[in-house]
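Report on the following structure.
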Amino acid sequence: MNGYTASRRHFLFLGMITGLCSCSVARKEDFADRRLAELLGRPPAEPEPIGLYAASRRVGHLLYLSTTVARLNGQPKYQGLVGRDLDLREGVQAARASALSFLETVHHELGSLRRVRQVVNVVGYVASVETFYMQADVMNGASEVLIEVLGNERGKSSRSAIGVTALSRNATVAISGVVEFR
């Protein structure tokens with residue numbers, strides 16, 4: 001009788017712990033969708049490519065994202081060159097806003113950020129003057145958003161920060177990347 005009682009208690013305890021863990025995981029995963037909407041100030045919207053290309057393409061469990069910029073009324077929200085038209089702080093804000101657009105595309109394609117296993121790689125293009133050498137500092141803004149929304153384990157990726165003299169439609173920052181999903 002004692003063995004049965006102990007086993008039953010053990011089983012009930014494990015069930016309770018499993019239930020708590022499942023809820024905790026679900027809440028953590030739903031957090032990313034809520035946090036994205038909170039940072040955007042609205043629900044995530046469908047991406048609007050400005051050319052003849054797909055905003056993203058699935059290959060197996062990888063999602064390849066085309067370059068994206070933060071847009072307002074169809075135009076880049078941040079325009080111009082860092083070091084001339086924008087300072088470092090504004091460049092970081094442009095990178096943060098571009099990362100939010102990046103996540104919006106992921107959300108649209110996958111239906112929820114809970115399906116993201118990890119952001120594998122991000123490439124950031126920073127329109128900047130010839131004498132500006134802090135592209136990595138600008139792109140830290142994008143990395144911060146990815147980690148803030150997805151957490152360190154899923155959001156911290158390998159990354160490139162590339163300085164360019166111009167981006168399409170005079171955008172300040174454009175990012176592309178690869179996301180692994182389940």
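No value in this document is a laboratory result; all are computed from the given coordinates. Note that this is a predicted model, so its numbers are computed, not measured. Here the Cβ is made from the backbone with ideal geometry for all residues, glycine too, and neighbour counts use every protein chain on show.
A few remarks follow.
- Fewest-first ranking of 175, 147, 162, using other Cβ atoms within 10 Å as the exposure measure: 162, 147, 175
- Fraction of antiparallel bridges per DSSP, the stretch 39-181 only, in percent to nearest 5: 70
- Residues with amide H under 5 Å from that of residue 123, placed H, sequence gap 5 or more: 160, 176, 177
- Evaluating 6.51 cos²θ - 1.76 cosθ + 1.60 at θ = phi - 60° for every residue in the stretch 156-169, the Karplus couplings come out as 7, 10, 6, 7, 10, 10, 10, x, 10, 7, 7, 10, 3, 6 Hz, glycine and proline recorded as x.
- Normalised convex hull volume, the stretch 39-181, alpha-carbon set, Å³ per residue: 98
- Looking at the stretch 45-110, the chymotrypsin sites (Phe, Trp or Tyr not before Pro) that sit in a DSSP loop and have at most 12 other Cβ atoms within 10 Å of their own Cβ are 53.
- Along the stretch 110-123 the Karplus relation, 6.51 cos²θ - 1.76 cosθ + 1.60 evaluated at θ = phi - 60°, assigns HN-Hα couplings of 9, x, 6, 6, 5, 7, 6, 7, 6, 7, 7, 8, 10, 10 Hz to successive residues, with x for each Gly and Pro.
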